[in-house]
Amino acid sequence: MPCRLPPQLGATIMAEGVAFAVFSHNGERVLVSLFDESGETETARLPLPCRSGDVHHGLLPRAGPGLRYGLRAEGPWQPDRGHRFDPAKLLVDPYAKAIDRPFRWEPRLAQHGKETVDLVPRGIVIAESAPLVVETTQPSFIYEIAAKAFSMHHPAVSETLRGTLAALREPRILDHLRRLGVSHVELMPIAAWMDERHLPPLGLRNGWGYNPVNFFALDPRLAPGGAEDLRKLCATYAEAGIGVVLDIVLNHTAESDEFGATISLRGLDNAVYYRHAQDDPGRLVNDTGCGHTLALDRVALVALAMDALRYWRGLGVAGFRFDLATVMGRTAAGFTPDAPLLAAILQDPVLSQTILIAEPWDIGPGGYRLGEFPFPFAEWNGRFRDNVRRFWRGDAGMAGALATRLSGSSDLFAARHRGPHASVNFLAAHDGFTLVDLVSYAGKHNHANGEDNRDGDNDSHSWNNGLEGRTDDATMTAARARDVRALLATLFTSRGVPMLTAGDEFGRTQGGNNNAYAQDNETTWLDWANVDEDLITFVAGLARLRRELVLLTRNGFLKRDGDPPEAQWLKPDGSAIADDEWPSLDVLCLLLRDQAHSVLVALNRSWKGVSLSQAERGWARLLCSSDGPDDLPARSVSLWRAG
């Protein structure tokens, strides 16, 4: 293999052949394993002949697209020093743009000295297309989708397409998104992933994808056509005026803890790619809860992450939601918003202009960092979720917190001069209860996960309306439906960016499982045969009202001064709420005004209806989340407009 440093890491098609470049600081030698066209037979192991700094590289003449390959790395086996080199392990190139089969866990992947050529996918050399340029617009309604679960039971999707990205391009699905008024879909992870090692013995599979191996290659189960499947999806959605936000995992990999697999980064340079305890180089730091943490403050990791993000952007992705994003801001000293990876993203002329959404927490020391990410990052607002849930559950003293969330969460974002659009407001997401389960279960029911109900959130601020779980009782069903609508109306009348998880607009349930990552089955597959059409219509109406009423969506925190004031918090009789009245409130009204408009949002969590003084002065009610003879029925949200 002639010596030539290629322009980028990975496998690059050149005029003379395919150039390979692999980072390994502590590795002594990196080899490329070549395979026949079927990918079944290893035909050669060729050492990369050159090393420039920490990049091992070489050129394979006359090779081209379609070549199947893997990597092997030679170096010290010294686990107590963080080194886990094992040339018996076939490794997936971290920069591979395609793989030929899904990953699957087998114990041999973690056993030193055991050959794994029959277990590990091969990378496929592909010719990259020109970047797909899509316009980036500010999200106004985000819709979270797990690609497989979304389409497995959809009646308009053929059997051959179900569970794939291609299914999401079907006209009936696009019609549904348009009907709801979705501005952006947020795809849960689509990069190639592997099941956690405890799942196969239980007969379970990871259905969420938050366990990646490679940050470039799409999982072939979701995208049999590889990168083109995502490119086509992004192009189709762009034509429909819908952006695609990709949920990406840059905090850990499927290699897990010291008992986990060696399939990529661990075999190439475990000591560099993963963070180890400063006083014990053999002990992995576990800020993610997944057994280890990527050391994203190091140059090689910053380069890997940035290259991956630019690649996805070139496929038409409008932006990213970053899983456990606090890890992205961690150094050996802890979290800082000026960490190398965050700084690199913000100075990048392409990535800095995309949609950037942080999940602002991890489980490490000081891991909860809501409100601390730099502009232009938005953040999943877990306080919005918890405060709204607790208010409607009936917890004492929650009216003030609810008012802050309705107003755009200035307590979290104003100090850094970030407006309400920095707050991604949500009631439920992929992890946790579904919206219907939130009002149907007081406790989690995760026994199907095989962990004796120990996993999942133990305090979801949920309630069951008097009976745990599913019921055919009409009164109970009506009470739960009423609470769901009140929650949804609260979400869509709050300043910030609303996010809804697919299926919550029509009443999906997971049977009380609030950690259904391992339920790649009927538990999480959306039941399109039994949708609540009235609820879909209600959600679509909320989104439409939100688009029409600019007072609900402005990127400014509400001001209580001015003449007249922009915002006033009132009691039902129209008088102002005194400071000492907030702790005991069950009913509160928010009056919004500008030069041309006046809107009243009224919330009543009590069990009786109330009258509003505004209703007697010619105000028009545009929304009421519950039926009843009162201006503001029990357990409801109403929206009024002057004139």
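The values are calculated or read from the model by the stated rules, or taken from the named source; none is laboratory data. Quick caveat: nothing in here was measured; it's all calculated off a predicted structure. Cβ: placed from backbone, ideal geometry, glycine included. Neighbour counts: every protein chain shown. Protein only, heavy atoms only, side chains kept; ligands, DNA and RNA dropped before computing areas. Shrake-Rupley method; radii C 1.70, N 1.55, O 1.52, S 1.80 Å.
Most simply put, the chain has about 70% antiparallel DSSP beta bridges, counting only bridges with both residues inside it.
For Cα pairs less than 8 Å apart in space and 6+ apart in sequence, what is the mean separation divided by the residue count of the chain, i.e. the relative contact order in percent?
Values: 1498 pairs, mean separation 68.3, N = 643.
So the answer I get is 11 percent.
Taking one equal scatterer on every alpha-carbon of the stretch 121-265, how large is log10 of I(q)/I(0) by Debye at q = 0.10, 0.12 1/Å? With no solvent term, the Cα-only Debye profile gives -0.38, -0.54. Of the whole protein surface, residue 83 contributes about 20 Å² of accessible area at a 1.4 Å probe radius.
After finding the eigenvalues of the alpha carbon gyration tensor for the stretch 507-592, what semi-axes result from the square roots of 5 times each, listed largest first in whole Å?
Computed over the stretch 507-592, the values are 39, 19, 13 Å.
With the Kirkwood sum run over all distinct C-alpha pairs, the stretch 347-481 has a hydrodynamic radius of 17.0 Å.
Normalised by residue number, the volume inside the convex hull of the Cα atoms of the stretch 219-298 is 132 Å³ per residue.
Please give the helix 227-239 orientation as an angle from the longest Cα principal axis of the chain, in degrees from 0 to 90, rounded to the nearest 10. With rounding to tens, the tilt is 30 degrees. Straight-line cross-link partners of residue 148 among the lysines, defined as a Cα under 25 Å from its Cα and at least 8 positions apart when in the same chain: 97, 232, 444. Any chance you could give the angle, 0 to 90 degrees and rounded to 10, that helix 299-314 forms with the longest Cα principal axis of the chain? Helix 299-314 sits at roughly 60 degrees to that axis. Most simply put, the stretch 253-399 has about 45% antiparallel DSSP beta bridges, counting only bridges with both residues inside it.
Taking the chain, the Cys residues with no second Cys beta-carbon under 4.7 angstrom are 234, 290, 589, 624. Shape analysis of the stretch 325-400 places it in the oblate category; the axes a ≥ b ≥ c from the Cα gyration tensor give an a/c of at least 1.5, with a/b not above b/c. When the P(r) is computed for the stretch 490-530, the part past 14 Å accounts for 56% of the Cα-Cα pairs. The coefficient of translational diffusion for the stretch 1-101, derived via Stokes-Einstein from the alpha carbon Kirkwood radius under 4 °C and 1.567 mPa s, stands at 93 µm²/s. All C-alpha pair distances within the stretch 102-185, sorted into 10 Å bins from zero, spread as 14, 25, 28, 21, 11, 1 percent across the bins. In this simple spin-label approximation, residue 118 and residue 454 carry label points 7 Å from Cα along the Cα→Cβ vector, and these lie 3.4 nm apart. With Cα atoms defining each centre, the stretch 500-529 and the stretch 352-425 are spaced 25 Å apart in the structure.
Per residue, the Cα convex hull of the stretch 416-572 amounts to 159 Å³. Eigen-decomposition of the gyration tensor built on the alpha-carbon atoms of the stretch 401-460 gives equivalent ellipsoid semi-axes of 32, 12, 9 angstrom, largest listed first. The overall shape of the stretch 420-489 is oblate: from the C-alpha gyration tensor, with semi-axes ordered a ≥ b ≥ c, the ratio a/c is 1.5 or greater and a/b is no larger than b/c. For P(r) over Cα pairs in 20 Å bins from 0, in percent, computed directly from the structure shown, the correct entry in (1) 17, 40, 24, 15, 4, 0; (2) 19, 50, 25, 6, 0; (3) 16, 44, 32, 8, 0 is (2). Rounded to two decimals, the Cα radius of gyration of the stretch 322-364 over 2.2 N^0.38 Å is 1.15. Can you give me the Cα centroid spacing of the stretch 54-78 and the stretch 195-219 in angstrom? Cα centroid to Cα centroid, the span is 25 Å. What angle, in degrees between 0 and 90 and rounded to the nearest 10, separates the Cα long axis of helix 533-548 from the longest principal axis of the Cα atoms of the chain? Result, in degrees: 80. Extent along the principal axes, Cα only, for the stretch 539-643: 37, 34, 25 Å, with the longest axis given first.
Express the Stokes-Einstein translational diffusion coefficient of the stretch 200-244 in µm² s⁻¹, to the nearest whole number, given a Kirkwood radius over alpha-carbon pairs, 20 °C and a viscosity of 1.002 mPa s. Walk me through the intermediate numbers first.
Working: Rh = 12.6 Å.
So the translational diffusion coefficient is about 171 µm²/s.
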